[in-house]
1. Apply the Karplus curve 6.51 cos²θ - 1.76 cosθ + 1.60, θ = phi - 60°, to the phi angles in segment 10-19 and return the couplings in whole Hz, x for Gly and Pro.
2. How far is helix 55-70 tilted, in degrees, relative to the longest principal axis of the Cα atoms in the chain, given as a value from 0 to 90 rounded to the nearest 10?
3. Output the Cα-based Rg and Dmax of the chain in Å, rounding Rg to one decimal and Dmax to a whole number.
4. Kindly state, to the nearest 0.05, the FRET efficiency for V37 paired with T72, given R0 = 22 Å and r defined as their beta-carbon distance.
5. So the label point goes 7 Å from the Cα of A29 along Cα→C-beta, right? Which residues of segment 1-23 then have their backbone N under 14 Å from it?
Amino acid sequence: MEGAGLVRHGPAPGDRRGVLVEATEHGRAVFLRAAAVHAQVVERYFVAPVARADYARLTHALGEIDKALRDT
């Protein structure tokens, strides 16, 4: 990612063992474009096909899955 100009790294202040990594301006722009595409894909394949009446059941089921994953 650093080679692609998406992030840069440097020493962590006060901790010789640590390294800080931060996004570059280019990295932020790439992330925002990717996030927009991701949102479009989620809408197209996971939201649009579900009938409005089924949203409550879907969100409840996804919440249960999320809870189970966090409990492991």
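What follows draws every value from the coordinates through simple rules; no lab data is involved. Model, not experiment: these values are computed from the prediction. As a convention, Cβ positions derive from the backbone with ideal geometry for all residues, glycine included, and neighbour counts pool all protein chains shown.
1. Karplus-based 3J(HN,Hα) across segment 10-19 equals x, x, 7, x, x, 9, 4, 7, x, 9 Hz.
2. 40
3. In Å, with Rg to one decimal and Dmax whole: 19.2, 55.
4. Details: r = 30 Å, r/R0 = 1.36.
It comes out at approximately 0.15.
5. 5-7
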